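Please read the structure below before turning to the comments.
Any read-out appearing in this document is the output of simple, stated calculations on the displayed coordinates, not a laboratory observation. This one's a predicted model, so the numbers in the text were calculated from it and none came from an experiment. Reconstructed Cβ throughout: ideal geometry from the backbone, glycine too, with neighbour counts over all protein chains shown.
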Amino acid sequence: MKISQEQKKENRLKLIRAMTDLVIENEGPVTMREVARRAGVADATIYNYFPTKEAIFFAYYEDHVNDVIDQLMAMDTFHTFSLQEQLQTLFDTSLRLYLPDREFVAATFKKVWLAGSGNFARFKAVRSGLLAAVNDIIAAAEEAGEIPGQVFQDLTGQFFADAYIAVVLYWLADGSDKFKNTDVLMDQGLDLACALLKAGVANKLFDMAVFLFKQHVLTRLSRFSPIEKADIKPKRRFMGGQNDE
């Protein structure tokens, strides 16, 4: 019997929630059968949604990033925040949504966000959502004149995406009261990073590199005399082959 798209969506969410709860409740590995039964789905049906347990982990984080974006979009005043305030709100919102599932995040975060090449396609789907959010924030700051146009905008976005991963890992290890140490880390780190962006440090370094290239490389090239073709001896054949006599 066919089921509706709405029912498929509901089953998918139930399976993700079941996996999350079971990982939190159990110290040992969780099986796909356990997840299916907790979600009220037939044992074989779970594979129509997720081929492996790891696929459920990736789905959790992909949904999480989308939930963070939805919450930021729902904030009427978000566009009035400074660059630093927008980035910090993004980070804070993510940590707040993680909090009820902190034990699950502790058990799975590295497996997803530090995934190797074997899970690159799934990792890309998760990271692309975060990058889209960060790049939109940076682009809006450029358009408003808060920061100069970034020569390496893609790299800037990737830097903050990596900073997000570092903040979550720090938060997972943070034993301070109400995670105050994580707040300090975010405040100071984002303050410094945004100050560097406003000062156009990356652009200045690029301009300096171009200048040095012109001064020290291009000027040296003019000193080399061209080699006449007649002065070049015939090359040997590739990989030790015999030259024709």
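Please identify which residues in segment 131-155 have an amide N closer than 14 Å to a label point set 7 Å out from the Cα of residue 198, following the Cα→Cβ vector. What the label zone holds, given the 14 Å backbone N cut-off, is 141-142, 145-148.
Footprinting exposure proxy ranking of 197, 155, 97, fewest other C-beta atoms within 10 angstrom first, gives 155, 97, 197. Over segment 66-201, the reciprocal of the mean inverse Cα-Cα separation, the Kirkwood hydrodynamic radius, stands at 15.7 Å. Residues 167, 184 in ascending order of nearby Cβ atoms (within 10 Å, fewest first): 184, 167.
Summing +1 for each Lys or Arg and -1 for each Asp or Glu, what net charge is found among the other residues whose Cβ lies under 13 Å from the Cβ of residue 107?
Local charge sum for residue 107: -2.
Other residues within the sphere of radius under 15 Å centred on the Cβ of residue 175, judged by their own Cβ, net out at -1 (K and R +1, D and E -1). Count Lys and Arg as plus one, Asp and Glu as minus one, and take only other residues whose Cβ is under 12 Å from that of residue 187; the net charge is then -3.
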